[in-house]
1. Checking the conditions here, which among Ile8, Ile37 is at pLDDT 95 or above, under 18 Å from Arg309 (Cβ atoms), assigned to a strand (DSSP E or B) and open to solvent by 10 Å² or more (accessible area, probe 1.4 Å)?
2. Please tell me if Tyr237 is surrounded by fewer than 18 Cβ atoms within 10 Å (Cβ to Cβ), touching a residue at least 12 places away in the same chain (Cβ under 8 Å) and not hydrophobic (A, V, I, L, M, F, W, C).
3. Please go through region 97-113 and pick out each residue that is open to solvent by 10 Å² or more (accessible area, probe 1.4 Å) and either assigned to a loop (DSSP other than H, G, I, E, B) or in contact with a helix residue (DSSP H, G or I) (Cβ under 6 Å, 6 or more places away or on another chain) (or both).
4. With the requirement that a residue be under 22 Å from Lys318 (Cα atoms), touching a Phe, Trp or Tyr at 6+ places or on another chain (Cβ under 6 Å) and either of a type in the set (Asp, Glu) or not in a loop (DSSP other than H, G, I, E, B) (or both), what does region 330-347 give you?
5. Suppose we filter region 11-34 for residues that are open to solvent by 20 Å² or more (accessible area, probe 1.4 Å), in a loop (DSSP other than H, G, I, E, B) and of a type outside the set (Gly, Ala, Ser); how many remain?
6. If we only count helices (runs of 4 or more DSSP H) wholly inside region 256-327, which ones have 2 or more residues that are in contact with a Phe, Trp or Tyr (Cβ under 7 Å, 6 or more places away or on another chain) and touching a residue at least 12 places away in the same chain (Cβ under 8 Å)?
7. Among the residues of region 181-191, are any open to solvent by less than 20 Å² (accessible area, probe 1.4 Å) and modelled with pLDDT under 75?
8. From Tyr372, Tyr307, Tyr320, Tyr366, which residue is modelled with pLDDT under 90 and farther than 30 Å from Ser242 by Cα?
Amino acid sequence: MLKAVGIISEYNPFHNGHLYQLKEAKRLTGADLVVVIMSGNWVQRGEPALVDKWTRTDIAIRNGADLVIELPFQCAVQPVDLFAKYAVNILGNLKCSYLSFGCENNQINFNELSHFKKIKQDIKSYLDANTPYSAAIRDYVYSKTGKRISSPNDVLGMNYAISNSALECPMKLYPVKRLGANHHDSDLNYKADISSASAIRSAILKHDNDFSKFLPNYNIHFDEIITWNAFFPYLKYMISMSSTNELSQIYQMSEGLEFKLKKEINASNSFEEFISKIKSKRYTYARLKRLCCYILLNYQNDAIFEYIRVLGFNNLGKSYLKQVKKSIDIPIISRVNKSNLNNELRYEYRAGFMTGIITNENEDLYRFPLIYK
């Protein structure tokens, strides 16, 4: 029986640190293959991925992944706790034996953190009008363990552990210590061959070609990357043409934000200008960017559809899918059809359609999993 280690990723873009993690995850666990859950064309912080999901799938499989599964839009573009929950649930449905993730502090006992199953109820006393949910969780964990969990990867790891503990068959956790750079480092680390994705994205946006040394050898030109500004005219149209009542129905629209959006949109000439005008202490940039994604796709309070969308695999990945297929209780989607476009893939199709407007490529229709020997 094949045993799989799961990795949750965005690969935005895929860099040497990701390559290291893939190799370490397989080495530490002794797994037969690597299953990657990857965000589609929009990522957790409410931003478009620099390159489309099919290109990133191709890069992942050529660099060590055996099976790539899409994390749907309505699961990927979420606060960190829900992002972790939905991604971990997919790995659980796929019967992965292990879960590996990057961390900044490998002294943290993530299995200990997994005991906080009722964290949402317990942290109420740590929340107030000026405290983001993620900060309340960090304060709660510190009060219980005496350990500060502050870096984004460690916060993610904590949420993975909590979500994993709720599975019927929890996976064994294998954190991998990040090398060379911290998650949010803004400058390239010229002393090593690993830099953070944030620093690499910043260099790409500035057309600083020095970033290439931090990427494995793959044939991608970053001359036509996708940014929010490409979508801003469509966002401006959606907000301008929608009534405040219609905007109030958008997922996570709260506390009269719709009035602030309507007030500022027409006087804004770029996405960055618009976000700066609606920013306040109450809302993080990521929270507001996610809200803009929901508006763009008219995403309302719909139920989350659980399914497994296959983006690509090699022979090992194919064998593993065949092994676990009969024990999976949710739909496995490899081909787009009228039924799943109107149901499971409804918002993923909208997200892909918006990307396709920019790239002139179909992201879902007429697309099939990438297959490698």
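The values are calculated or read from the model by the stated rules, or taken from the named source; none is laboratory data. The structure displayed is predicted, hence computed values, not measured ones. Heads up, the Cβs are rebuilt from the backbone with ideal geometry, glycines too, and the neighbour counts pull from every protein chain shown. SASA here: full protein model, heavy atoms, side chains in, ligands and nucleic acids out. Shrake-Rupley method; radii C 1.70, N 1.55, O 1.52, S 1.80 Å.
1. Numbers: Ile37 fails: open to solvent by 10 Å² or more (accessible area, probe 1.4 Å).
Of the residues listed, the single one that is at pLDDT 95 or above, under 18 Å from Arg309 (Cβ atoms), assigned to a strand (DSSP E or B) and open to solvent by 10 Å² or more (accessible area, probe 1.4 Å) is Ile8.
2. Working: surrounded by fewer than 18 Cβ atoms within 10 Å (Cβ to Cβ): yes; touching a residue at least 12 places away in the same chain (Cβ under 8 Å): no; not hydrophobic (A, V, I, L, M, F, W, C): yes.
It is false that Tyr237 is surrounded by fewer than 18 Cβ atoms within 10 Å (Cβ to Cβ), touching a residue at least 12 places away in the same chain (Cβ under 8 Å) and not hydrophobic (A, V, I, L, M, F, W, C).
3. Ser97, Tyr98, Gly102, Glu104, Asn105, Asn106, Gln107, Ile108, Asn109
4. Ile333
5. Initially, region 11-34 is screened for residues open to solvent by 20 Å² or more (accessible area, probe 1.4 Å), giving 16, 18-21, 23-24, 26-28, 30, 32.
With the extra rule that they be in a loop (DSSP other than H, G, I, E, B), the set shrinks to 30, 32.
Restricting the remaining residues to those that are of a type outside the set (Gly, Ala, Ser) gives 32.
Residues in region 11-34 being open to solvent by 20 Å² or more (accessible area, probe 1.4 Å), in a loop (DSSP other than H, G, I, E, B) and of a type outside the set (Gly, Ala, Ser): 1 in total.
6. Values: elements: 257-265, 271-278, 285-296, 315-324.
The helices (runs of 4 or more DSSP H) meeting that bar are 257-265, 271-278, 285-296.
7. yes
8. Working: Tyr372 fails: modelled with pLDDT under 90; Tyr307 fails: modelled with pLDDT under 90; Tyr320 fails: modelled with pLDDT under 90.
From the options Tyr372, Tyr307, Tyr320, Tyr366, the qualifying one is Tyr366.
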